[in-house]
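A short reminder: the numbers here are calculations on the coordinates, not readings from a lab. It should be emphasised that the depicted structure is a prediction, and the values quoted were computed from it without experimental measurement. As a convention, Cβ positions derive from the backbone with ideal geometry for all residues, glycine included, and neighbour counts pool all protein chains shown.
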Amino acid sequence: MIRLNWQKGLQFIAEDDYGHKIVVDTSRDMGGLDQGFRPMDLLLVALAGCMGMDIVAILTKKGGKIDKFTIEIEGKKAEEHPHKYENITIKFNCEGDYQRKDLLRSFELSRDKYCSVSATLKTCPKINYII
C-alpha cells in the first residue's frame, strides 16, 4: 500500500510499506511548493524504471555485461483537460559487452511480457474509489 500525507500547499509525501518516501508536488504557480515530482512525471518514472529493471536483469542473465544504462522518457500531453499522455517516447542507451540481439530480446520481453507498468498502461484497470 502507498500512503500520501498532505504537507502544505499541494505537496504530499508518499510512503510505501518499506518506509521509502517520495515528495509529490507541483509548481508554485499551480499552488505547490515546487519541491517534488509531478504526479504525471511519476507515471513516466514507473514505466521507465520497470522496463529498465527488466532489461538489465534479463540481459545480465544472458551473459551481458553492462557498463552504463540510461533511459530517457518523455510524454506528450493533450492540450485539453485532463491533459493525459497521448504519446510516450522511451529511449534506451546501453553500453557494455553484450550481444545486440540479446538486448533487443530483453527489451521485447519487458515490453510484451514482464513489465507490469507497461501492461497496465496498455489496458485500463478498474479503479475503485472510496470516500
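Enter the mean projected area of the convex hull around the alpha-carbon atoms of the chain, in nm², rounded to one decimal. Mind showing how you got there, number by number?
On the way: hull surface 41.2 nm².
Taking the Cα atoms of the chain, their convex hull projects to 10.3 nm² on average.
Once R0 is set to 35 Å, what does the formula 1/(1 + (r/R0)^6) return for the Cβ-Cβ distance between residue 33 and residue 57, expressed as a FRET efficiency to the nearest 0.05?
Efficiency at R0 = 35 Å is approximately 0.45.
How far, in degrees from 0 to 90, does helix 100-109 lean away from the longest principal axis of the Cα atoms of the chain, to the nearest 10?
40
Using packing as a proxy for protection, rank 117-130, 93-106, 69-82 so that the peptide with the highest average count of other Cβ atoms within 10 Å comes first. Mind showing how you got there, number by number?
On the way: 117-130: 9.4, 93-106: 14.1, 69-82: 11.2.
Highest-to-lowest ranking by the protection proxy: 93-106, 69-82, 117-130.
Here are some pairs, 65/126; 8/84; 21/101; 77/113; 8/68; which of them have Cα atoms lying more than 32 Å apart in this structure?
Beyond 32 Å between Cα atoms: 65/126; 21/101; 8/68.
Can you tell me the mean projection area, over all orientations, of the convex hull of the stretch 18-83's alpha carbons? Units nm², please.
Spelled out: convex hull of the Cα atoms, projected over all directions, averaged, 6.9 nm².
For a Förster distance of 41 Å, can you work out the FRET efficiency between the beta-carbons of residue 23 and residue 97, rounded to the nearest 0.05?
It comes to 0.60.
Using Cα springs under 10 Å in a Gaussian network model of the chain, which residue among 30, 51, 40 shows the largest mean-square fluctuation?
In this elastic network of the chain, the residue with the biggest mean-square fluctuation among 30, 51, 40 is 30.
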